[in-house]
Amino acid sequence: MNGSVKAFIELLGATARDLAPILIIVGFFQIVVLRQPVNDLGQIAVGFLFVLLGLAVFIRGLEMALFPLGQALANALAQRGSLFYLILFSFSLGFGTTVAEPALIAVGAEAARVMSEAGVIEDHPAALDRTARALRYTVAASVGASLVLGVFRILKGWPIQWLIIGGYVIVVALTPVAPKEIIGIAYDSGGVTTSTITVPLVTALGVGLASVIKGRNPMVDGFGLIAFASLMPIIFVLVFGLVIAA
């Protein structure tokens, strides 16, 4: 059997094992707790097959393209010695992969609607659209800024724990003074930024950069960018709420 085909079959098996707990839980509650028959079992089986194939292909695509691409770009920019282009690439990567994130678009639209109902913004389609876009660009900019901060951390060797602690101190300080309507949105914004595209590219950027810089350990210094990408949106959206409410 061809090596690549065998590897893909093994990947399918691993993906099936990952999905098995979900099927077991759903099946248990459907059959044992609710005691209801499973409707459209054939359609569900076909859907599960699509999910299985989709996840396997996606994981394989990450291994073949996104991880190597991110590491190669980070290596090339670091070896070139251009801090400006490295920072520009980091910010652009964070901003570009976040601004088009479907989950963020949905959260931004819902947040604008809730804010209009609470009287924070005008209840008008133009105002709703403007607020949703502003929120989306704010979160995207925060992810870009978080990657810039993470790159500086790798370059300078700063301890990650103090940056994270400092970030959450700022969050705690901003939360009592921010509009209460924006607080939950701000905390959720940190989660929607960690998408299936952002995470692999950002991880590859950190690992690739730490691998090529002398004195840096990829295991110690290469990881942690995702933590910044989850923390900075909270701060930015809380500040966004203060500006909107002013």
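The values are calculated or read from the model by the stated rules, or taken from the named source; none is laboratory data. If you're wondering where the values come from, they're calculated on a predicted model, not measured in any experiment. Here the Cβ is made from the backbone with ideal geometry for all residues, glycine too, and neighbour counts use every protein chain on show. Keep in mind that these areas ignore ligands, DNA and RNA; they rest on the heavy atoms of the full protein, side chains included. Shrake-Rupley method; radii C 1.70, N 1.55, O 1.52, S 1.80 Å.
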Legend entry - Criterion: closer than 17 Å to Ala245 by Cβ and open to solvent by 50 Å² or more (accessible area, probe 1.4 Å) - qualifying residue of Val169, Val114: Val114
Inset, instruction - Check Ile213, Ile234 and return the single one that is open to solvent by less than 20 Å² (accessible area, probe 1.4 Å) and in contact (Cβ under 8 Å) with a residue 12 or more places away in the chain. - result: Ile234
Inset, instruction - Check segment 130-137 and report whether any residue there is of a type outside the set (A, V, I, L, M, F, W, C), surrounded by fewer than 19 Cβ atoms within 10 Å (Cβ to Cβ) and free of Cβ contacts under 8 Å to residues at least 24 places away in the same chain. - result: yes
Inset, instruction - Name every residue in segment 68-88 that is modelled with pLDDT of 75 or more, more than 13 Å from Ile213 (Cβ to Cβ) and either under 17 Å from the mean Cα position of the chain (by Cα) or polar (S, T, N, Q) (or both), in order of residue number. - result: Ser82
Legend entry - Residue pairs meeting the criteria (Cβ under 8 Å; at least 6 apart or on separate chains; first within 18 Å of Ala16 (Cα to Cα), in segment 27-51; second surrounded by 10 or more Cβ atoms within 10 Å (Cβ to Cβ) and among the β-branched types (Val, Ile, Thr)): Gly27/Val38; Ile44/Val38
Legend entry - Lone unmet requirement of (1) over 30 Å from Gly208 (Cβ atoms); (2) in a helix (DSSP H, G or I) for Pro37: (2)
Inset, instruction - Considering only segment 195-210, state which residues are open to solvent by 30 Å² or more (accessible area, probe 1.4 Å) and not in a helix (DSSP H, G or I). - result: Thr196, Ile197
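Residues checked against (1) loosely packed, with under 15 Cβ neighbours inside 10 Å; (2) among the small types (Gly, Ala, Ser):
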position	(1), (2)
Ile9	yes, no
Ala20	yes, yes
Arg35	yes, no
Val51	yes, no
Val57	yes, no
Ala65	yes, yes
Leu73	no, no
Gly81	yes, yes
Phe91	no, no
Inset, instruction - Working only within segment 62-115, note down all residues that are over 19 Å from Ala141 (Cβ atoms), touching a residue at least 24 places away in the same chain (Cβ under 8 Å) and not aliphatic (A, V, I, L, M). - result: Phe67, Pro68, Gly70, Gln71, Asn75, Gln79
Legend entry - Failed criterion for Val220 (all others in (1) touching a residue at least 12 places away in the same chain (Cβ under 8 Å); (2) surrounded by fewer than 18 Cβ atoms within 10 Å (Cβ to Cβ) hold): (1)
Legend entry - Subset of segment 179-191 that is surrounded by 20 or more Cβ atoms within 10 Å (Cβ to Cβ) and farther than 14 Å from Phe228 by Cβ - its residue that is modelled with the highest pLDDT: Ala186
Inset, instruction - Please work out if Leu77 is open to solvent by less than 60 Å² (accessible area, probe 1.4 Å), in contact with a Lys or Arg (Cβ under 8 Å, 6 or more places away or on another chain), part of a helix (DSSP H, G or I) and under 28 Å from Gly206 (Cα atoms). - result: no
